[in-house]
Amino acid sequence: MVKRFFWVAIATVFFLFQLSVGSANAVELTTETLTIPLDGMGKTATLSDQEFAKGQKIFVQNCTKCHLQGKTKTNNNVSLGLKDLSQAEPPRDNLLAIVDYLKNPTSYDGVDDYTELHPNVTRPDIYPELKNLTEDDVYDVAGYTLIAPKLDVRWGGTIYF
């Protein structure tokens with residue numbers, strides 16, 4: 001009975017994954033789409049197609065365990081959507097702020113240090129999957145996080161099971 005349930009669960013996950021990764025998700029990246037806020041002072045940065053693709057790959061490999069489609073598994077009230085990122089303290093709706101978060105994570109209100117709770121590149125002893133990320137890799141995944149909401153209407157939101 002348990003074995004049968006296991007295989008049904010695997011088949012269901014595979015089927016749902018296929019629905020979300022179909023060819024209809026192909027999107028044309030434009031300069032406008034790839035341009036994101038660099039800082040909180042109005043400056044912008046434009047990622048290349050290659051930087052976006054590398055950031056997406058890193059995000060899928062390392063972040064989707066908790067942030068599938070920009071949702072937050074551990075807190076349904078906070079997503080990686082642009083609105084939620086902008087309301088964090090400090091705001092995390094620009095490239096340099098997300099890079100900072102990936103190095104020095106804090107709680108949504110900015111009060112608590114999450115260095116030991118959230119994967120980050122400064123603690124390879126706790127999060128070895130991130131130990132080989134370069135500064136460029138961190139930049140690319142941060143950029144992907146800001147571009148993804150422009151491409152996928154399902155990005156962010158809440159998780160309900």
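The values are calculated or read from the model by the stated rules, or taken from the named source; none is laboratory data. Owing to the predicted nature of the structure, the values given are computational and were not obtained by experimental measurement. FYI the Cβ positions are ideal-geometry reconstructions off the backbone, even for glycines, and counts take in every protein chain you see. Ligands, DNA and RNA are stripped out before the accessible areas are found, and what is left, the full protein with its side chains, is counted by its heavy atoms. Shrake-Rupley method; radii C 1.70, N 1.55, O 1.52, S 1.80 Å.
Couple of notes before you dig in:
- Partners of residue 57 within straight-line reach, counting lysines whose Cα lies under 22 Å from its Cα and excluding those fewer than 8 residues away in the same chain: 65, 71, 73, 103, 131, 150.
- Global geometry of region 26-161, whether rounded, prolate or oblate, following the gyration tensor of its Cα atoms and the 1.5 cut on a/c: rounded
- For the residues 154, 123, a 1.4 Å probe over the protein chains yields an accessible-area ranking, largest first, of 154, 123.
- Shape of region 93-148, Cα gyration tensor, a/c cut at 1.5: oblate
- For region 93-161, averaging the sequence separation of C-alpha pairs within contact (under 8 Å, six or more residues apart) and dividing by the residue count gives a relative contact order of 26 percent.
- Approximate spin-label separation residue 111-residue 87, in nm, with each point projected 7 Å along Cα-to-Cβ: 1.7
- Estimated inter-spin distance, residue 153 and residue 73, nm [label 7 Å along Cα→Cβ]: 2.7
- Judged by the mean number of other Cβ atoms found within 10 Å, the most tightly packed of the peptides 45-54, 124-133 leads the ranking 45-54, 124-133.
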